[in-house]
1. Heavy atoms only, probe 1.4 Å: what % of the accessible area of the chain goes to carbon and sulfur, would you let me know?
2. What is the Rg over Rh value, at two decimals, for the stretch 197-257, using alpha-carbon atoms and the Kirkwood definition of Rh?
3. Keeping all protein chains in place, calculate the accessible area per residue for the stretch 114-172 (probe 1.4 angstrom), answer in Å².
4. Using θ = phi - 60° and the Karplus form 6.51 cos²θ - 1.76 cosθ + 1.60, what ³J(HN,Hα) does each residue of the stretch 121-138 get, whole Hz, x for Gly and Pro?
5. In deg cm²/dmol, rounded to 500, what helix-only [θ] at 222 nm does the chain give when every DSSP H run of at least 4 residues adds -39500 (n - 2.57) and the total is split over its residues?
6. Sort all Cα-Cα distances of the stretch 45-111 into consecutive 10 angstrom bins from zero, then give the percent of pairs in each bin up to the one containing the longest distance.
7. Any chance you could look up the accessible area of TYR180 with a 1.4 Å probe, heavy atoms only, rounded to 10 Å²?
8. Based on the Kirkwood radius over alpha-carbon pairs, what is the Stokes-Einstein translational diffusion coefficient of the stretch 1-127 at 25 °C with 0.890 mPa s viscosity, in µm²/s?
Amino acid sequence: MNFEGRRVLVTGAAHGIGTCIVQNFAAAGAVVAATDILADKVAALQNDRPEGQTGRIVSRAMDVADEAGVEAAVGALQDELGGIDTLIHVAGGTLGQVHAPVEEVRLEDWDPIFNVNLRGAFLVARCLVPGMKARGFGRIILLSSGAGLGVSMTGIQAYAAAKAGQVGFVRQLGHELGPYGITVNAVAPGFLLTNPGSDLQWASYGEDGQKQVIQQIPRRRLGKPEDIAHATMFFASDLADWITCQVLSVSGGQAKA
Ligand SMILES: NC(=O)c1ccc[n+]([C@@H]2O[C@H](COP(=O)([O-])OP(=O)(O)OC[C@H]3O[C@@H](n4cnc5c(N)ncnc54)[C@H](O)[C@@H]3O)[C@@H](O)[C@H]2O)c1
C-alpha cells in the first residue's frame with residue numbers, strides 16, 4: 001500500500017502494536033505523528049529509520065486523557081504537518097491492572113482505563129475533525145478489542161466496558177461524519193503478546209491453558225502486531241472508502257464468548 005502524501009497521527013505509539021503501526025505507515029510513505037505518554041520512548045521512534053522507509057516519523061509526548069494537553073499537542077502537530085487526515089487511536093489497554101471482583105473495584109481503578117481507551121479517543125478525534133471536514137477527507141480508526149465484543153479474558157470490567165464503548169462511539173461518529181468524507185472504524189484484536197502485562201497474563205494460563213487458548217483459535221496461533229497494523233492500513237486506504245461504522249475482528253477467527 002502506498003500512503004505517500006498521507007499524514008497519520010498514532011496515539012499509544014511507544015509500544016507493541018502502536019510502534020508497529022507507526023513503522024508500517026512510515027514504510028508505506030506516510031508522514032506519521034507518533035504520540036505517547038512515554039516521552040522518551042516515543043521520541044526514540046523519530047530517529048529510527050528502517051531501510052526502505054519512504055515516509056517520515058515525528059514524535060511528541062501526549063497524554064490522551066488530558067484535554068488541554070491533547071488540544072495543544074494535536075494543534076501543534078497539525079500546524080507542523082499542514083493538517084492530519086488519519087487518526088489511529090491505539091493508546092489504551094488495561095494499564096497493568098488485573099481482575100478483581102466488582103465489589104472491590106475502586107473508582108481510581110475504573111476511571112484511568114475509561115480515560116485512556118474511550119475519553120482519549122473522543123478528545124483526539126474532536127481536535128482532528130474540523131480539519132478533516134474542511135478537507136472533505138478523513139480516516140478515524142480505533143483499536144478496540146475482542147473484549148469489547150464478548151467477554152474479556154482479562155476479567156477487567158472497566159476494560160470490557162470501555163472497549164465496547166469504543167464500538168458505540170465508532171458507530172455514532174461514522175454516522176455523523178460520513179457526509180464529510182470521513183470514515184470511522186475499529187479493529188478488534190484477539191490476544192497478542194505485546195507487553196509485560198500480556199506476557200504475565202499468558203504465563204498465568206500455564207502450559208495446558210495456553211494450548212487450550214490456541215486450540216480455540218481457528219488459525220491456531222496468537223496474533224502479531226503486524227496482523228493488527230495491516231488491518232488498520234486497510235481501513236486507512238482508499239480501498240475502504242465505502243466502509244464506515246464497522247468493527248473488524250482480527251483474531252484468527254476466535255469466536256466471541
Ligand atoms: N495486546 C493485546 O492482546 C490486545 C488485544 C486487544 C486489544 N488491544 C488493544 O490494542 C491497543 C495497544 O495494545 P498493546 O498491547 O500494544 O498495549 P501497550 O500497553 O503495549 O501499549 C499501549 C500504549 O499506550 C500508551 N498509553 C497508556 N496510557 C496513555 C495515555 N494516557 N496517553 C497516551 N498514551 C498512553 C502506553 O504508554 C503504551 O505505549 C490497546 O488499546 C489495547 O487495548 C491489545
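1. Result for the chain: 54 percent of the exposed heavy-atom area is carbon or sulfur.
2. My calculation of the ratio gives 1.08.
3. Averaged over the residues of the stretch 114-172, the accessible area is 34 Å².
4. 4, 5, 5, 6, 4, 4, 6, 8, 4, x, x, 5, 4, 4, 8, x, 7, x
5. Taken over the chain, the calculation gives -13500 deg cm²/dmol.
6. Per 10 Å bin, starting at zero, the Cα-Cα P(r) for the stretch 45-111 comes out as 14, 35, 27, 17, 8, 0 percent.
7. 100
8. Translational D for this selection: 163 µm²/s.
The values are calculated or read from the model by the stated rules, or taken from the named source; none is laboratory data. Bear in mind that the values here come from a model prediction, so they are computed numbers and not experimental data. Calculation scope for accessible area: heavy atoms of the full protein, side chains included, ligands and nucleic acids excluded. Shrake-Rupley method; radii C 1.70, N 1.55, O 1.52, S 1.80 Å.
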